[in-house]
Each structure stands twice: as C-alpha cells, then as structure tokens.
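Derivation of every value follows stated rules applied to the coordinates shown; laboratory data play no part. Worth saying up front: this structure is predicted, and the values here are computed from it rather than measured. All Cβ positions, even for glycine, are placed from backbone atoms using ideal geometry, and neighbour counts span all protein chains on display.
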Amino acid sequence: MFKTSFSAGVILVSGLVGLSPAQASTFAIYDPIAGATNISLTGLTLSASSGVNFQYEVPALMGLGVLSSTMTLSATETGAVAFGPIALGSFDGTFAITYAGPTVTAGGVTVTTGQTLLDGSFLGSVFSGYGSTGSLQDSVAAGGLVTFNNNALLTFSPIADQGLSLSLTGINPVVTVSAGKLSPFDAVSQGQFTASVTAVPEPGRWALMLVGAGVIGGVARRRGTATASMA
C-alpha cells in the first residue's frame, strides 16, 4: 500500500512541476508602438528607452495578452566592417523590458506596474545592415552568449540555447561603415526571444503540489508508526 501511495504522490508532484515546460523556441516578442522609432546608434553606443508592446508566447502566460512596456537597451559596438554594400558589426550589452501598464491578472498570474518582464545580457551579437534595414542577432547555439535572468514568471534552463533576434527597419540615415565603425542612425526595432523556459507554477498548482507532498508525508508517518507497533 505504501509503495502504491508513494508512487502516486511522486507522479502527482512530478506531473505538476512539468505542467508548463517549453522547448527551446520563441517564448516572447515585442513590437514597436505605432511603428515609432525606438532604437538608435550614437558613436559606439546602441541604445533604446522606448515604449513597446510585449507579449509572452508561453501557453501559461499568453492569457496576459499584449503588455504595454518600456524597453531599455544599452550595447557597445566592438567592431565593424563593410562587406560590399552590407555593413557588419558586433555588440555587447544588456536589455530589460519593464511593464508600464496597470495591474493585470489572467489565469492566476498577476503583473504589476514596474515589474520586470524580461531582462538579460548578450555578448558577440552580430549586426547586419543593408541600406535602411538590418538586424541584431545572437544565440548560444550560434557561438554567442545570451543570458536571460529568471523572474517572477519564468525560469530559464542554464544548459539550453538562449537567443535574441531584433529586426530593424526605417534605418535613417542608411547604415554604412566608416573608419572601422558603423555610422549613426535611428531605427524601428521589433524582436523575439528564444530559450527553453518553464512558467512558474500558479498559486493553485502550488497548492496541489503541497497537497501531494502532504500525502507522501502522511503515508510515510503512518508506515513508521505501523513499523514501530510491530516491533
């Protein structure tokens, strides 16, 4: 009886812990608000501090919908070279997306004003620009280094791929390479983020997990009492 109950409890808790896992895939995106310029390069610094529409692509968090947020980014250009009409560069930096709307609750998950929705760092990201369009990409699988920080809603696997991809449009003036560095510009960016993530269990799921743990503990105690009586 003990073995059966113990096994059932383990299966219950294990199943609950794994309810919201995601493979290494896109787990979040952001879009510019009304196509507004939201990123710029000045000197060797690529920076952003603008409003964006952010959305989780993880099933357990999709109910939150589009979240009005502020994206901040600061990156330093570490090199640039022209390859015909294509401007290539590399950047190291950090970013954060912070919720800027009113408190919202969906599916037992609550997000409050000022809460960090996603933040992290990147090294060796590759910028590629052609005229008025470009991209900034980095991933562990591609030989770069991207690290997302765990937060109140998501935890990230430290041994799986993590990556980011920002597309830039409306680059003005058009990007070129001069004296070994990219020319200054303003642009409109939108991005997506990939990783292997797990959504933090909702309060109701935590309760079920605790019930499962309680069942295991109770059965173990009863077994200990029965063993002592037989002795």
Contour minus end-to-end for residue 169 and residue 96, with contour as 0.36 nm per residue of separation and end-to-end as the Cα-Cα distance?
24.2 nm
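FRET efficiency for residue 186 and residue 159, Cβ-Cβ distance as r, R0 = 45 Å, nearest 0.05? Please list the in-between numbers first.
Values: r = 38 Å, r/R0 = 0.84.
The pair residue 186/residue 159 has a calculated efficiency of 0.75.
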Here, residue 110 and residue 26, labelled 7 Å along Cα→Cβ, have an inter-label distance in nm of 3.2 nm
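Please state the equivalent ellipsoid semi-axes for segment 80-152: what are the square roots of 5 times the Cα gyration tensor eigenvalues, largest first, in whole Å?
Working: eigenvalues 226, 43, 17 Å².
Square roots of five times the eigenvalues give 34, 15, 9 Å.
Show me the ranking of peptides 147-156, 81-90 by mean Cβ neighbours inside 10 Å, starting with the highest. Kindly include the intermediate steps, with their values, before the conclusion.
Values: 147-156: 17.0, 81-90: 15.3.
In decreasing order of mean packing, 147-156, 81-90 become 147-156, 81-90.
How big is the Kirkwood radius of segment 23-200, worked out from every pair of different alpha carbons and given in Å to one decimal?
Numbers: mean 1/r = 0.0604 Å⁻¹.
When all Cα pairs of segment 23-200 are included, the Kirkwood radius is 16.5 Å.
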